[in-house]
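See structure below.
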Amino acid sequence: SSLKRVNDAMILTRLSGLDAANSVQTLTAAVNSFTNEALKSVDVVNRLANVDAAFAVSSKDLADSMSRAGAAAKSAGVQFNELLAITAAVQQRTARGGAVIGNAFKTIFTRLQRSGVRESLEAIGVATTNLDGSFRSSAAVLQDYARVYKNLTDQQKAYTAEQVAGVRQVNILKSLISDMGNKYSVFDKALGTANRTTDQA
């Protein structure tokens with residue numbers, strides 16, 4: 001209900017330092033972007049709070065990233081928690097703000113659905129479709145890309161990164177790929193934290 005959402009927005013305002021209007025906007029964006037996950041605004045607040053508490057990333061940065069990249073993430077098959085984990089991983093490595101990170105992944109998720117980009121990933125052994133021909137989640141594609149990335153030639157690295165991210169977002173993509181390629185990745189830990197969330201806020 002809208003009253004419940006206003007109440008949750010007040011909690012988010014306290015946690016994040018977002019102003020009240022932005023908090024309502026963030027919650028509305030999350031609930032509307034990830035309709036398939038049936039998120040309630042309280043789920044959103046709790047997950048932001050948990051990831052904020054466990055990692056060097058603020059609720060405000062998570063909210064800023066999500067409000068920019070949420071719709072693109074959903075159309076790329078990326079779940080809410082995965083987007084939080086991607087943001088946390090990149091934030092810890094780059095210290096870029098959530099708005100910058102969100103805009104970068106809006107670009108990346110959109111590009112990952114282009115046939116030319118998918119072909120260049122397939123060429124290095126990264127599957128971009130499921131057996132039934134549907135697109136794989138962009139989060140899964142990026143994880144597989146991270147796995148093969150370290151074995152690519154410098155030329156393949158440069159070419160595929162630019163295909164996936166565009167010139168302007170290459171550094172943000174590389175920071176995620178180097179995290180995901182790491183045994184103790186922030187992405188995995190943050191995803192676990194978001195997935196385990198109960199009513200903490």
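The values are calculated or read from the model by the stated rules, or taken from the named source; none is laboratory data. Quantities reported herein were computed from a predicted structural model and do not represent experimental measurements. Here the Cβ positions follow ideal geometry from the backbone for every residue, glycine too, while neighbour counts run over all protein chains shown. For accessibility, only protein heavy atoms count, side chains too; no ligands or nucleic acids. Shrake-Rupley method; radii C 1.70, N 1.55, O 1.52, S 1.80 Å.
Kindly indicate which of Gln113, Gln92, Gln79, Gln25 is within 30 Å of Gly133 (Cα to Cα), surrounded by fewer than 18 Cβ atoms within 10 Å (Cβ to Cβ) and at pLDDT below 95. Write out each step before concluding.
Values: Gln92 fails: within 30 Å of Gly133 (Cα to Cα); Gln79 fails: surrounded by fewer than 18 Cβ atoms within 10 Å (Cβ to Cβ); Gln25 fails: within 30 Å of Gly133 (Cα to Cα).
Going through Gln113, Gln92, Gln79, Gln25 in turn, the sole match is Gln113.
I'd like to know if region 28-46 contains one or more residues that are touching a residue at least 40 places away in the same chain (Cβ under 8 Å), touching a Leu at 6+ places or on another chain (Cβ under 8 Å) and farther than 24 Å from Thr107 by Cβ. Even if it seems obvious, please write down each step before you answer.
From region 28-46, those touching a residue at least 40 places away in the same chain (Cβ under 8 Å) are 29-30, 33-34, 37, 39, 42-43, 45-46; that's our starting set.
With touching a Leu at 6+ places or on another chain (Cβ under 8 Å) added as a condition, the list becomes 30, 45.
If we keep only those that are farther than 24 Å from Thr107 by Cβ too, we end up with 45.
Scanning region 28-46 turns up at least one residue that is touching a residue at least 40 places away in the same chain (Cβ under 8 Å), touching a Leu at 6+ places or on another chain (Cβ under 8 Å) and farther than 24 Å from Thr107 by Cβ.
What is the one condition in (1) open to solvent by less than 60 Å² (accessible area, probe 1.4 Å); (2) under 25 Å from Ser138 (Cα atoms) that Arg68 does not satisfy?
(1)
Filter region 79-112 down to the residues that are closer than 22 Å to Tyr184 by Cβ and aliphatic (A, V, I, L, M) and list them by number.
Leu83, Leu84, Ala85, Ile86, Ala88, Ala89, Val90, Ala95, Ile101
Would you check which residues across region 60-116 are part of a helix (DSSP H, G or I) and among the charged types (D, E, K, R) and list them? Walk me through it before giving the result.
Step one: of region 60-116, the residues part of a helix (DSSP H, G or I) are 60-75, 80-94, 98-111, 115-116.
Answer for region 60-116, where residues must be part of a helix (DSSP H, G or I) and among the charged types (D, E, K, R): Lys60, Asp61, Asp64, Arg68, Lys74, Glu82, Arg93, Lys106, Arg111.
So which of Thr128, Thr87 is buried (at least 20 other Cβ atoms within 10 Å of the Cβ), in contact with a Lys or Arg (Cβ under 7 Å, 6 or more places away or on another chain) and of a type in the set (Ser, Thr, Tyr)? Break it down into steps so the answer makes sense when it comes.
Values: Thr87 fails: in contact with a Lys or Arg (Cβ under 7 Å, 6 or more places away or on another chain).
Sole residue among the options that is buried (at least 20 other Cβ atoms within 10 Å of the Cβ), in contact with a Lys or Arg (Cβ under 7 Å, 6 or more places away or on another chain) and of a type in the set (Ser, Thr, Tyr): Thr128.
Looking only at region 95-110, which residues are at negative phi and open to solvent by 10 Å² or more (accessible area, probe 1.4 Å)? Spell out how you get there, then give the answer.
So in region 95-110, the residues at negative phi come out as 96-110.
Within region 95-110, Arg96, Gly97, Ala99, Val100, Asn103, Lys106, Thr107, Thr110 qualify.
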